[in-house]
1. At what distance in nm do the modelled label points of ILE91 and SER67 sit from each other, each positioned 7 Å from its Cα along Cα→Cβ?
2. Picking from PHE111, PHE60, PHE68, which is most flexible by a Gaussian network model of the chain using Cα springs under 10 Å?
3. Can you put ARG28, ARG52, ARG86 in order of Cβ neighbours within 10 angstrom, beginning with the fewest?
4. Taking the chain as a Gaussian network, Cα atoms linked when under 10 Å apart, which of LEU53, LEU16, LEU107 shows the biggest mean-square fluctuation?
5. Output needed: percent of Cα pairs per 5 Å distance bin for region 50-117, bins running from 0 to the one holding the longest distance.
6. Give me the one-decimal nm value for the distance between modelled label points at LEU16 and VAL38, 7 Å along each residue's Cα-to-Cβ direction.
7. Where Lys and Arg each count +1 and Asp and Glu each count -1, what net charge lies around VAL87 among other residues with Cβ under 12 Å from its Cβ?
8. Net charge near SER74, counting Lys/Arg +1 and Asp/Glu -1 over other residues with Cβ under 13 Å of its Cβ?
Amino acid sequence: MIGQFFTWLATALSLLVVDIVVPGIDIRSFAAALIAAVVIGFVNTSIRPALRLLTLPLNFATLGLFSFVVNGASLWIASLVSPGFRVDGFIPAILGAVLLSIVNTFLSNYFAQKQAEQLVASDSQVNT
């Protein structure tokens, strides 16, 4: 449960970074980033697998490069549903999806490492 919270938080923080770096992506507030993070999670678990399956021949023909387009489309779909989150075009969607993935990976790893350190520290306190 706490891991899902940190994943949600990491995605929201990553969206704020994407908002700063990628022109054409606009997030109005931290609350909008939190809502968009939930919507992105929903899109990634429900709609994106179908998109990947439908575009499998293109993905195969482009040696996986079409995955960038699918990820950008997923981000754009999430922006259509999320209030306060806007993606203005194809290129910002793809760049935003790539940057979101990179930043989210770093933040998720950071949160996972800190959580593991806390577990080790609390376990060592219980044993002493």
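Read-outs: derived from the displayed coordinates by stated rules, not from any lab. Source: prediction; values computed, not measured. When we count neighbours, we look across all protein chains shown, and the Cβ atoms used for this are built from the backbone with ideal geometry, even at glycine.
1. Here the modelled spin labels are 2.4 nm apart.
2. Among PHE111, PHE60, PHE68, the largest mean-square fluctuation in the Gaussian network model of the chain belongs to PHE60.
3. ARG28, ARG52, ARG86
4. Largest GNM mean-square fluctuation: LEU53.
5. P(r) over region 50-117, rounded to whole percents: 3, 17, 18, 19, 18, 12, 9, 4, 1.
6. Modelled inter-label distance: 1.8 nm.
7. Numbers: positive: ARG86; negative: ASP19, ASP26, ASP88.
Neighbourhood net charge equals -2.
8. Working: positive: ARG48, ARG52; negative: none.
So the surrounding residues net to +2.
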